[in-house]
1. Would you please give the FRET efficiency between Phe125 and Leu49, computed as 1/(1 + (r/R0)^6) with r the Cβ-Cβ distance and R0 = 41 Å, to the nearest 0.05?
2. Would you mind getting me the FRET efficiency between Trp111 and Asn175? Use the beta-carbon distance for r and R0 = 25 Å, nearest 0.05.
3. Starting with the highest mean, order 148-157, 48-57, 132-141 by the number of other Cβ atoms within 10 Å, averaged over the residues of each peptide.
4. Checking the table Lys133/Lys183; Lys70/Lys101; Lys63/Lys107; Lys172/Lys204; Lys23/Lys101; Lys101/Lys183 against a 30 Å threshold on Cα-Cα, which pairs fail?
5. Once you have the Cα-Cα distance between Lys183 and Trp80, take 0.36 nm times their residue separation minus that, and quote the gain in nm to one decimal.
6. With +1 assigned to the C-beta of every Lys and Arg and -1 to the C-beta of every Asp and Glu, and no other charges, what is the dipole magnitude of the stretch 73-177 about the Cα centre in debye, to the nearest 20?
7. Suppose a student asked you for the relative contact order of the chain, using Cα pairs under 8 Å spaced at least 6 residues apart; what percent would you report?
8. Given the rule -39500 (n - 2.57) for each run of at least 4 DSSP H residues, summed and divided by the residues of the chain, what is its mean residue ellipticity at 222 nm, to the nearest 500 deg cm²/dmol?
Amino acid sequence: MYNLNIPHFYCFLRKEHLYQNEKYNGEYEKVTVFGAQSHPDRAMLFTVLLDNGTLRSRIPIHKLCSKNSKEQPLDHLQLWDCFSVNSTVTVYEYLSGARAKVIFKDKTHCWGNYMMTFDWYDNAFSNAPSQYKCLHMIELDNGNYALQPNNRIYWKHMSFTTKPFPENPDYKVDNQIYRCEDKSDRWVLTGDDDQYYYDIEEDK
């Protein structure tokens, strides 16, 4: 899925992007964001409709904002490039009421609201347990939008997260692939192939 339908939302496009000219800094156009595009080794890009009827594609996230705000660098707002054209978008219902504090690469942070999650499949990074990453899209309180992985976000869900976040968490990344049939050489199925109910016995 090179192009993705995403839940549409309304925001502003920094006008200098339309003209590729810095003289329009501080000016904005109203847009509806309704699509995203994933290309390996590139930033996530978005498709927008301007309120004058113009359609623009391939808008990077640092050119979108929810209000008049100072632009943050693209590499702060999105830490990792896309992994593949094989991408998905999901809105996790449970996270829809959660607040999220994004920790940027320069150690600064900003709170925001969860929007949606982008994920990838059938590529070497996503298939390796220790390299897997998804990106959560957060509408930041400072007016920008961020795309950040699990380990760059502190989640606050009022009905559940009552403990303080650890100052220096020492959790480890995943290091294995979990399979149900990797012990199949130790077991055999009994019965005929056409039997609906069958037994599983240890192979002696």
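Any read-out appearing in this document is the output of simple, stated calculations on the displayed coordinates, not a laboratory observation. Bear in mind the structure is a predicted one, so any value in this text is a computation, not a measurement. Heads up, the Cβs are rebuilt from the backbone with ideal geometry, glycines too, and the neighbour counts pull from every protein chain shown.
1. On the way: r = 32 Å, r/R0 = 0.78.
Efficiency at R0 = 41 Å is approximately 0.80.
2. Numbers: r = 32 Å, r/R0 = 1.27.
With R0 = 25 Å, the Cβ-Cβ based efficiency is 0.20.
3. Details: 148-157: 15.9, 48-57: 12.6, 132-141: 20.7.
So the peptides 148-157, 48-57, 132-141, ranked by packing, come out 132-141, 148-157, 48-57.
4. Working: Lys133/Lys183 28 Å; Lys70/Lys101 18 Å; Lys63/Lys107 22 Å; Lys172/Lys204 38 Å; Lys23/Lys101 33 Å; Lys101/Lys183 42 Å.
From the list (Lys133/Lys183; Lys70/Lys101; Lys63/Lys107; Lys172/Lys204; Lys23/Lys101; Lys101/Lys183), the Cα-Cα distance tops 30 Å for Lys172/Lys204; Lys23/Lys101; Lys101/Lys183.
5. Details: separation 103, 0.36 × 103 = 37.08 nm, distance 3.57 nm.
Taking 0.36 nm per residue and subtracting the Cα distance, the gain is 33.5 nm.
6. Working: 9 positive and 11 negative charges, 66 e Å.
The calculated dipole for the stretch 73-177 is roughly 320 debye.
7. Result for the chain is 15 percent.
8. So the calculated ellipticity at 222 nm is -1000 deg cm²/dmol.
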